[in-house]
Structure formats: structure tokens, C-alpha cells
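Throughout, read-outs are computed from the coordinates displayed, never taken from laboratory work. Given the structure is predicted, the values throughout are model-derived calculations rather than measurements. Cβ: placed from backbone, ideal geometry, glycine included. Neighbour counts: every protein chain shown.
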Amino acid sequence: MNIELINTNERFILINNGNKDKSLNIDKHSVKASISVGVPKDNEKILTRIENVKGIIGCIQLVSGHYLMIFKEHNHVATVTGKKIYQMKDVELIPFFPNQQSLVSIPDQDAEEQHLSMIRWLLSSENFYFSYDYDFTLTLQRQYSATTTSGSISDRCDSRFFWNEKYISILSKEHGLDDWILPITMGFVESKKLDGNCQFTLISRRNLNRSGTRYNVRGIDKKGNVANNVETEQIIEIKENTFTSFVQVRGSIPLLWSQFPTLKYKPSVKFYGDEKENSQALEQHFKQLHQIYGSTTVVNLIDRKGAELKLGEAYEERVKSLKDDVHYVWFDFHSICKGMRYDKLSILMDQLKDDLKQYGFFFVEDGKIIQKQQGVFRTNCIDNLDRTNVVQSLITRHSLENQMASVLNKQIPSNTFKGDQFEYVFKNIWADHGDAISTQYSGTGALKNDFTRTGKRNFQGVLRDGENSVKRYYLNNFKDGFRQDSYFLFTNPSVDLTTAKQHESKPPSPLIWIFSFVFAAIFLANLYLPSATSSIGGFISQTTVVVGSIFFALKLAMKYQASIVDKPTLFKLDSIYKN
């Protein structure tokens, strides 16, 4: 798709592939769209002209007025059943009127600029994917099982993964406009060729409901939506109409709980609601899973100690009371695999092998459905990132073994899923996937990813984990308020973007004063006390001052953490657990 965008003083004219007779016209005054001849009228003034626009994200209304969201570049990342999937790039927000910001107050302008920066940050992350002719929001099984392909694309799409749905409403009210709707989805896509002339593709779709950042959004809401909820589909395509698909999901522990950042390395867990409220939310979540995927196997990887123990026990108790077909497995990843003994993950796989065989996979041969996947593995750890990605990659590896043994041995060479070439493709795609999903939620790549990428843990990987842990601490405490507000502003249907409410970033002054105190104490100690090398007494004195000042500074930081931690301000944190 190559769209020419003509921006006039009266409307936007969008001409697809030179077809002026059926161009899209968006009237700037009524904010209504129509299909008509794409030629500016004599009394219209052309303000700008942009060639080779690749797609429309939608229209968004801010304080000063409306903006048209478009993207001008895309990157072809995969082809599935003959249809191309692209990564969205080079996003631009165009105001309906060039001077509209000047018509509002200075505070309103400041608020709008911040809203624009939030939207640009989110949409420019290069984590969004789309297709012109492939329903990217649906797994292959759901696409092939659909009873009808008629109706608008808005009706067919899975709204959980339709990130721009609320911004394309002007394109769904008149016949012919549906062709211009282009659903975008945050997630991950990567595809590589395997020996045996088949294609390996990994697709992940992030649920926009309850989307956000690591410590600011945990658990479940009362509608059954969980944080960091991602659907992952692994596809082996032999030819255009012959392929397998295997789907699994991840998501936060479906209870009403939080773990808001407080400068502590591991913030404390807080529970919300009574037993009835938690049970109802959890039941609704698993009911949704059952309706979409069938039976569910819960793979819980959190620790059996500390704060995670209480969370895991509450989860286990409520899952076992469900009437739906749910199998619960609690595998204490850190304890069992302690000392980098990742070979012990075979214990977990032994526990899952029966369900893996029973659930099967989706298989289409020459366009005909041969079998369907009957259930799904729902994996979680505390963040649903690092341990989760390791285990999900192992589950899909075992699924590939089952696929080869049952159906694919007739389609491709029996050694297709063996050898250096397959190992390189499989491990690196899953490692790239882990980094992408982790970055969207925590701000850094995944931990333990050396195992996913190489098949073993090593010291270099441990050092990389340490570096990422430090980065996560910094981002989660000092940057995630802005990131969380950005997610909330773009995805929450109840947000009124015409209200000039700003994200109130925490000033750095408290930290500056605290660190200034430490440096001043050390400076004075060096100035008036004997040096640490002059005598034992001098060493003790200097050490006491340094350690004491650091301890006092940490106490001050914890006391005033509310003034230091960057928290979201566009909504009350607790409100997402009470509504």
C-alpha cells in the first residue's frame, strides 16, 4: 500500500495506489470520513503533501483538537500463508489545523505536548505489527475456524490485540471505509527458513487491557484482565496451505495484588479485595481462557518462600476450586534449578508431557483442517518474563517433537528439528522474543536469556543479568511513571484526552540532597579526621563515617520515597484494583 496524503485547509485526502476515484476524505470540521474523488477543490489550499504513507493508525482528540496518526515506513518481517506481516515504523501525528495549539492556554499547550510525547514514545517503539491482508489479531486456528469472514474487520478482530480500535471509529460508519482500517498490535514477530524447505515463525500479541509496566501493573482487574498478558503462536509452514500452529499464553497471577515501586529492590506484595472478589475475578479470567483455547494447564514458576509463597498458595487454593478443566503445576524454578542446574527443567517437562500430548496442535494440510489444538499452557512467574520465556521455549520444543512424530514426518525430513541450523534459528528467535517482551514490560532485555540463546547458563550471562537488573531498578523507580501513563493514556477507553492533566515527573532534588549529604560527610571526614592509611584509629573513623552516612542516606531515601519514585499520575494506582 502506497498512500498519497494531501493535507488541505478543509480536509485530509488519502489516495491509495493512485486510485483517486475511491480516495479517503476526512473532513476537518465535522471529523467525518467518506469515499469520494481525491482532488482538492478550487477554494481549498494545499498545506502539505506526503507521498508513500504506509498506513493510518487513526484520529485522536487532544486538548487543542484532533490529530491524524499515520506511519510512513514499514519493515517486512514475515510471510504466513502467503500473506505479509510488517513492523510499523516512522510514526507521525499531524494536527488538523496548523495553528490549533496557539488557540489554547499555555498550561493546556504544555499538557498537550506531554500527551503527544507519550503517544510518540509508545507508537515509535517499533513493537507494533500489522498486515494488509492477514488478520494479525487472530491465531491461525481461530482464523480457519471462523464461521464467517463477512462483516467489518472491526467485528472480526480480537479486540484484546486491536490497539488502535478506539481511534478508527470514524472509519467504520460508512460502507467502503472498512478497507482503510488497519489494526496494529504490540508484540513480536520473527521468521526464519529451516532446512527441509519449511518456515519457522514466532508471533506474540500483547493484550492491551491492563497493559503497562513491571511494578505499576500486576495481577488482575475485576473484569478478568491480567497484567503482561501475551499470546504466543509458533508456526511451522511447509507450504502456503500446509502448516502447524502451537499457541500458549503468559500473564500475571490472576489475583487482586500489587507490588508498587518503593526504592526497595523487591517491593512488598499487597493484596486487595476479599475472597469472593478474588475468586470471581479469577473465575472470569479462566472462563475467558476456556472459551478461546479450551482446557488450561497452569504452569506457576514462582518461589515457595518469601512474598511469592503467600501469593502462590492463594493462587493454588483458588485454582483448585475452579469447576473448569484446569490443571495446576507449581514448579519452584529458582529452588530446583539452583546453581545453574537448568537440566532439572526436565522434571517440569515430565509433569507436562501428558497435557502436551492431549492438547496437541493445529494442523492444516492442503487447506483442510486435520486437527485442532485442544488446550493451552498458561505460564507465569512473578514478572512473567525471564523464567516464563525459558519454560515457554521448552514447551514449544517438546511440541515440535510431537508434531514431527505424528504428522510432519510425512511432510519434511525427520532431522528438520535437529542439528546446528535448527538450534541456531530456534534458540535465537526465542531469545529475541524474550528480550522484546521483557523490554515492553520492564524496560530491559530478558534475564536468563543466555540459556534460551545457547542452551546453557554461563558466567557472561550471569553478568548480563546483573547489568539488566540494575537497569530495571533504575527504570522501574525513576522512569516507569511516564511509561505507565503512556500505556494508560493510549489504551484506556475512559481517558478523556481533552483534559489538560499532565504526568507530574518527580523532581531529582530529594536525591540530590541525599547524595550531597553523603559526599559532604565523606569530604569533612577526609578534612578533619586522620586518614584511613595513617593508623587503625583513622581507618575505623573513616569507615564509620562512610558506612554511617550511606546508611543514613538510604534511610532518608526510604522515608521520602514517595517524593522520589516516578509514579503514574494520570490515574490513581489503587483504582485499577478496585474497579
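Cross-link partners for residue 45 among the aspartates and glutamates, with Cα-Cα distance under 13 Å and sequence neighbours closer than 8 places in the same chain left out: 10.
Each Cα pair under 8 Å and six or more residues apart adds its sequence gap; the mean of these over the residue count of the range 27-160 is a relative contact order of 19 percent. Taken about its Cα centre, the chain carries a charge dipole of about 1200 debye when Lys and Arg each add +1 at the Cβ and Asp and Glu each add -1 at the Cβ.
Let a ≥ b ≥ c be the square roots of the eigenvalues of the Cα gyration tensor of the range 11-109; is it rounded (a/c under 1.5), or, if not, prolate (a/b larger than b/c) or oblate? All intermediate terms of the calculation are to be shown ahead of the outcome.
Numbers: a/c = 2.52, a/b = 1.37, b/c = 1.84.
Taking the square roots of the gyration eigenvalues as a ≥ b ≥ c, the range 11-109 is oblate.
Here the Karplus relation 6.51 cos²θ - 1.76 cosθ + 1.60, evaluated at θ = phi - 60°, turns the backbone of the range 251-263 into coupling constants of x, 4, 4, x, 10, 7, 8, 9, 8, 5, x, 9, 6 Hz, with x for every Gly and Pro.
Hey, quick one: spin label on residue 52, modelled 7 Å out along Cα-Cβ, who in the range 4-20 has an amide N within reach, i.e. under 19 Å? Within reach of a label on residue 52: 4-7, 14-19. Shape class of the range 1-47 from the alpha-carbon gyration tensor: prolate, with a/c at 1.5 or above and a/b greater than b/c. Per the Debye calculation on the range 255-376 with a single equal scatterer at every Cα and no solvent contribution, log₁₀ I(q)/I(0) for q = 0.11, 0.19 Å⁻¹ amounts to -0.52, -1.15. Put a plus charge on the Cβ of each Lys and Arg, a minus charge on the Cβ of each Asp and Glu, and nothing anywhere else: the dipole of the range 263-307 about its Cα centre is then about 300 debye. Backbone N atoms of the range 161-200 closer than 11 Å to the 7 Å Cα→Cβ label point of residue 428 belong to residues 192-193.
Give a quick list of GluC sites (Glu not before Pro) in the range 202-306 that DSSP marks as loop, anything other than H, G, I, E or B, with at most 15 other Cβ atoms within 10 Å. Mind dumping the intermediate values first?
Values: sites: 231, 233, 237, 240, 275, 277, 283; in loops: 240.
Hits after loop and neighbour filter: 240.
Over the range 182-303, Cα pairs under 8 Å with separation of 6+ residues give a relative contact order of 21 percent.
Rounded to the nearest 0.05, what FRET efficiency do residue 303 and residue 116 give with R0 = 35 Å and r taken as the Cβ-Cβ distance? Could you check? E between residue 303 and residue 116, to the nearest 0.05, is 0.25. Bridgeable aspartates and glutamates around residue 223 (alpha carbons under 13 Å apart, same-chain partners fewer than 8 residues away excluded): 277, 283.
Determine, from the Cβ-Cβ distance of residue 155 and residue 336 and an R0 of 56 Å, the FRET efficiency 1/(1 + (r/R0)^6), rounded to the nearest 0.05. Plugging the Cβ-Cβ distance into 1/(1 + (r/R0)^6) gives 0.75. Between residue 239 and residue 531, the modelled labels are 8.2 nm apart [label points 7 Å from Cα along Cα→Cβ]. Relative contact order of the chain, taken over Cα pairs closer than 8 Å and 6 or more residues apart, is 12 percent. Sorting 242-251, 373-382, 256-265 by average packing, meaning the other beta carbons within 10 Å per residue, from highest down gives 242-251, 373-382, 256-265. For the range 13-31, the residues whose amide N sits under 14 Å from a probe point set 7 Å from the Cα of residue 132 along the beta carbon direction are 15-19.
Please work out whether the range 149-282 counts as rounded, prolate or oblate from its C-alpha gyration tensor, where a ≥ b ≥ c are the square roots of the eigenvalues and a/c under 1.5 means rounded, while otherwise a/b larger than b/c means prolate and anything else oblate?
Numbers: a/c = 2.39, a/b = 1.42, b/c = 1.69.
Oblate, since a/c reaches 1.5 and b/c is not below a/b.
Overall, the range 399-484 carries a charge dipole of about 120 debye about its Cα centre when +1 sits on the Cβ of Lys and Arg and -1 on the Cβ of Asp and Glu, all other atoms neutral. Cross-link reach is defined here as a Cα-Cα straight distance under 18 Å, omitting same-chain residues fewer than 8 places apart; for residue 353 the lysines meeting it are 344, 372.
Treat each spin label as a single point 7 Å out from the Cα along the C-beta direction, and report the residue 45 to residue 575 distance in nm. Between residue 45 and residue 575, the simple spin-label model gives 4.1 nm.
At full extension, residue 10 and residue 193 could sit 61.0 nm farther apart than now, given 0.36 nm per residue minus the alpha carbon distance. Calculated on C-alpha atoms, the gyration radius of the chain divided by its Kirkwood radius gives an Rg/Rh of 1.01.
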